[in-house]
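First up is the structure itself, then whatever we jot down about it.
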């Protein structure tokens, strides 16, 4: 090992790839991305260039990022869904793209509204997105249009919820209990085949708040106040 | 014509044996795993076989899903170390280093050089340890059972050394935000150095067993081949990517810890088959031992944990004896909140790029943690590798890919 300097750079190692100049507009990457219609977001602690892309523009931006020779992001490193229950749009899909040509990593965010949780799939451009998108669909409930085989991957196939959403309780939701409303009173009904239907309801103790996962029959997600 | 040669029939002329044309078999569905000994944990492969050929493969994962990302949102930053250990359980401390680097980048904690050196040593020891398991199990999978004994002999000694260093043989929880949990004492440095110095000779033994072995060649060469373009498209990283000839190593590409100051080579393959993946991993172990010798011989003096006790847990000994440190400990445990922000930090783990995408809302718990686990991503390459190959090759392909289901399913 070469001699260790008395004060080495901290573990928050040097900025990735070509250093981002302080005047962000001079950066060719930023110029190219802005031309494509991406919004430049302030950089965070890790010094990556961050962009926000409108959901409708994302397919064309992704295509350009993969194919244009001045961008050439060959590898999709990571894809994550993030839930912001109080924001509009509620979800964000975060892509980390790596250009091996320029050794440069960027973060691209695409907002996805709760009413229509859909975003275009990028499987055609980066094959690795296949399982990433299945995972994000499984845990966050975001659908990827154009995905060849969008089904759950980590949770069981018949699992009804998307557990990484913020309003899903950590302790999980008991699948054996359903909630019914009888005469304005919320009751639990245990799904017990041995007991006749209608005789197995018990009032819910509401002093502890609404039970998570309560719905009027079909299992949907609990209200945002659950957390 | 003698009676002995009368009424003879040549078996090849029998209708049922004529060119095999009549030997039509229905494609057969087979479920391999999740309890199959060669699927390395709980991977299930749904296979469609035409005779011995694989025509369809669907890997089913998730049997070991423990919801670590969900748990992370309900744990403090210090607590989450425990869960990172159980990702790739063959290299628990390397996972911890990745998490520590992520949180330190978020909070801007400076790590003293000695702690960085100890962490670099640990990362390389963990790489060797994980590759030893891979070599041993991979040997068993391809029929070389004695390889297991050789690999686990070395790993066992390393476990004892880890026990000396951290108090535990595995799942150590030794890395802290700002440094490590205890110093590496000089006696242990000598023992580690002995172990590392003996390693190249032991690797020679492994190579004598496998590298030129005819059976091993037949099992591994040309099996599970993918091209560099396929590997990049599928996001494959680590030894599996380098075996295709792409020299991408995060220790070079996005350097962290003391790697910029170390001399090492990045081995790459040419064919991208199972045998190249084997050769790349073997050479990586040699390079690791080279790095370890550089580190152990020039271990910087100084603190092993940052003195920044507003952000860092003070050493336990001082907590019990000093008022100041006790208060710091109490405040760090109960109310430490890093600033708002986002960090993606990746390290070169034994199987590839292990990344943590951490989003902080300025609270005591992370807002969102996404673990980019190399095993999960690399496993996607099983499909192109296995299609068209023989059923028995799947075992060799799985062995050469080497994924850890604990990390894959999170």
Global form of segment A:24-145, assessed from the alpha-carbon gyration tensor, a/c cut-off 1.5: prolate
Per-pair calculated FRET efficiency, R0 = 22 Å: residue B:390 and residue B:145 via Cβ, rounded to 0.05: 0.55
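Roughly what % antiparallel, to the nearest 5, for the DSSP beta bridges in segment A:24-145? Don't skip to the answer; put the middle values down first.
Working: 20 of 28 bridges.
Within segment A:24-145, antiparallel bridges account for around 70 percent of the total.
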Chain B: angle of helix B:323-335 to the longest principal axis, Cα-based, in degrees nearest 10: 50
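How much FRET efficiency would the formula 1/(1 + (r/R0)^6) give for residue B:335 and residue B:164, where r is the Cβ-Cβ distance and R0 is 35 Å, rounded to 0.05? Can you show the working numbers first?
On the way: r = 35 Å, r/R0 = 0.99.
Step by step, r from the Cβ atoms, then E = 0.50.
Can you tell me what percent of all Cα-Cα pairs in the protein assembly as shown are more than 50 Å apart? Can you show the working numbers first?
Working: 33121 of 202566 pairs.
Cα-Cα pairs of the protein assembly as shown separated by over 50 Å account for 16 percent.
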Spatial separation of Cα centroids for segment B:285-355 and segment B:37-103, in angstrom: 24
Alpha-carbon centroid distance for the pair segment B:358-410 / segment A:77-102, whole angstrom: 19
Cβ-based exposure ranking for B:5, B:347, in which fewest neighbours within 10 Å come first: B:5, B:347
Paramagnetic reach from residue B:318 (point 7 Å along Cα→Cβ, amide N under 15 Å) across segment B:157-201: B:176-183
Segment residue B:191-residue B:265, length gained on full extension (0.36 nm per residue, minus Cα span): 24.1 nm
Highest-MSF residue in chain B out of B:345, B:261, B:116 [GNM, Cα springs under 10 Å]: B:261
Peptides ranked, highest mean first, by Cβ atoms within 10 Å: ranges B:78-89, B:181-192: B:78-89, B:181-192
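Restricting to Cα pairs below 8 Å that are 6+ residues apart, what does the relative contact order work out to for segment B:298-410? Please round to a whole percent. Walk me through the numbers on the way to the answer.
Values: 139 pairs, mean separation 18.3, N = 113.
Relative CO of segment B:298-410 lands at 16 percent.
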Principal-axis tilt of helix B:113-141 within chain B, Cα atoms, nearest 10 degrees: 20
Cα-based helix-to-principal-axis angle, B:391-401 vs chain B, degrees rounded to 10: 20
Inter-label distance, nm, simple model (7 Å from Cα along the C-beta direction), residue B:58/residue A:43: 4.5
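What are the semi-axes of the equivalent ellipsoid of segment B:53-194, taken as the square roots of 5 times the eigenvalues of the Cα gyration tensor, listed largest first and rounded to whole Å?
Working: eigenvalues 166, 117, 26 Å².
Semi-axes from the Cα gyration tensor: 29, 24, 11 Å.
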Shape of segment B:242-378, Cα gyration tensor, a/c cut at 1.5: oblate
Cα convex hull of chain B, projected area averaged across orientations, nm²: 24.5
Extension gain, residue A:101 back to residue A:143 (0.36 nm per residue minus Cα-Cα distance, nm): 12.0 nm
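Could you work out the relative contact order of segment A:24-145, using alpha carbon pairs under 8 angstrom and six or more residues apart, expressed as a whole percent?
On the way: 217 pairs, mean separation 26.6, N = 122.
Relative contact order, segment A:24-145: 22 percent.
Restricting to the protein assembly as shown, what percent of DSSP beta bridges are antiparallel, rounded to 5?
Values: 60 of 68 bridges.
Approximately 90 percent, going by the DSSP bridge assignments.
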Distance histogram for segment B:230-320 (every C-alpha pair counted, 10 angstrom bins, percent rounded to whole numbers): 15, 32, 24, 17, 10, 1
Most mobile of B:297, B:13, B:393 in a GNM of chain B (Cα contacts under 10 Å): B:13
For chain B: relative contact order, % (alpha-carbon pairs under 8 angstrom, 6 or more apart): 24
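Rounded to the nearest 500, what is the 222 nm mean residue ellipticity of chain B from helices alone, with -39500 (n - 2.57) per DSSP H run of 4+ residues and division by all residues? Provide the component values of the computation, followed by the final result.
Details: 17 runs with 193 residues, N = 410.
Computed mean residue ellipticity for chain B: -14500 deg cm²/dmol.
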Amide N of segment B:357-383 lying under 14 Å from the label point, which is placed 7 angstrom from the Cα of residue B:79 along Cα→Cβ: B:364-367
For residues of B:229-236, the mean tally of beta carbons on other chains within 10 Å: 6
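A short reminder: the numbers here are calculations on the coordinates, not readings from a lab. Everything quoted here is computed from the prediction, not taken from an experiment. A quick note on method: Cβ atoms are made from the backbone with ideal geometry, for glycine too, and the neighbour counts reach across all protein chains shown.
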